[in-house]
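Reading through the structure tokens given below for one structure.
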Amino acid sequence: MLITIGIVGVVASMTLPSVIENHKKQETLSKIKKVYSILSQAQIRAITENGDYEFWENGHLIGANDYFNKYYKPYFSILKICNNYCGYGMRFPWKQMNGTGWPHSIFINDYTLPFILSDGVLVVFSVSTGNDDPDKAREDSKIYVDINAAKAPNRLGQDTFIFIRTNKGILPFGIDQTEDEINADCSMNGTGESCAAKIVQDGWQISKDYYWK
């Protein structure tokens, strides 16, 4: 019996980390799908109410708050809108997949607007212009999503993902790139900005070749 218990213990110690990792991946995938749906529905409703996206006011000129309030706020269930670092304690809280700092601030007055949804997901709207080429992933149309807000690890591709606003709707950042470009960016040597695009590219799966740290 002791030998059997010992064998079971060894097997459990070998398989438990894999089980935990798979659970985290599925939990992450579920949260990404949910927030992507929320963002997409908000964009659709905003266009229905305000007309084609390409004709909206310039976010850079009217400011982040006015832009968000006019076009998006009514379509989100918001727990808190932040006028600071939203609990992160620093201006640049995120790391890239390669381990270096990601040079995007969570809060810049009139340029970004961070808010926390009712389910605890942090969303940041970057509104440098507001009028985007629908075929290009512009810096000024990014939406940063951190599925567990200020909690660790705050790393792109693991709990932080990037989307963009376009005339075609909300899209994963980098989706206009080639498969090789997406895979290279969503890797241990990349930024991780295109990891949402990789997940979509792989059929809404966190595939075996997905770099998970």
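The values are calculated or read from the model by the stated rules, or taken from the named source; none is laboratory data. Only a predicted model underlies this, so the values are computations on that prediction, with no experimental measurement involved. Here the Cβ is made from the backbone with ideal geometry for all residues, glycine too, and neighbour counts use every protein chain on show. Protein only, heavy atoms only, side chains kept; ligands, DNA and RNA dropped before computing areas. Shrake-Rupley method; radii C 1.70, N 1.55, O 1.52, S 1.80 Å.
Please label the shape of the chain as rounded, prolate or oblate, based on the square roots a ≥ b ≥ c of the eigenvalues of the alpha-carbon gyration tensor (a/c under 1.5 means rounded; beyond that, a/b larger than b/c means prolate, else oblate). Before the final figure, lay out each step's value.
Details: a/c = 2.18, a/b = 1.91, b/c = 1.14.
Prolate.
Taking 8 Å as the Cα distance limit and 6 or more residues as the minimum spacing, I'd like the relative contact order of the chain as a percentage.
Values: 353 pairs, mean separation 37.7, N = 213.
Reported as a whole number, the value is 18 percent.
Quick one: pull the percent of accessible area on the chain belonging to carbon and sulfur, 1.4 Å probe, ligands and nucleic acids left out.
Working: 5910 of 10780 Å².
Carbon with sulfur: 55 percent of the solvent-accessible area.
Could you put R91, R165 in order of accessible surface area, largest first, with the 1.4 Å probe and the full protein assembly present? Display every interim value, and only then the final one.
On the way: R91 100, R165 0 Å².
Result, largest first: R91, R165.
Which angle between 0 and 90 degrees, to the nearest 10, do you get for helix 2-50 versus the longest principal axis of the chain when only C-alpha atoms count?
10
Mind checking the per residue accessible area of the chain for me, 1.4 Å probe, whole number of Å²?
Numbers: 10780 Å² over 213 residues.
Normalised by residue count, the accessible surface of the chain is 51 Å².
Given a 1.4 Å probe and heavy atoms of the protein chains only, how would you sort H104, H23, largest accessible area at the top?
On the way: H104 30, H23 120 Å².
The residues order as H23, H104, largest area first.
Quick check for me: using +1 on Lys/Arg Cβ and -1 on Asp/Glu Cβ, what's the dipole size of the range 157-213 about its Cα centre, in debye to the nearest 20? List each step's numbers first, then the result.
On the way: 5 positive and 9 negative charges, 46 e Å.
For this selection, approximately 220 debye.
Starting from 0.36 nm per residue, how many nanometres of slack lie between M188 and Q205 once their C-alpha separation is accounted for?
Numbers: separation 17, 0.36 × 17 = 6.12 nm, distance 1.82 nm.
My answer for the length gained is 4.3 nm.
For each pair in K70/K213; K24/K70; K80/K208; K73/K151; K73/K213; K33/K213, compute the distance between the two Cα atoms and list the pairs where it is over 31 Å.
Working: K70/K213 39 Å; K24/K70 36 Å; K80/K208 36 Å; K73/K151 24 Å; K73/K213 34 Å; K33/K213 20 Å.
Going by Cα-Cα distance, K70/K213; K24/K70; K80/K208; K73/K213 fall outside the 31 Å limit.
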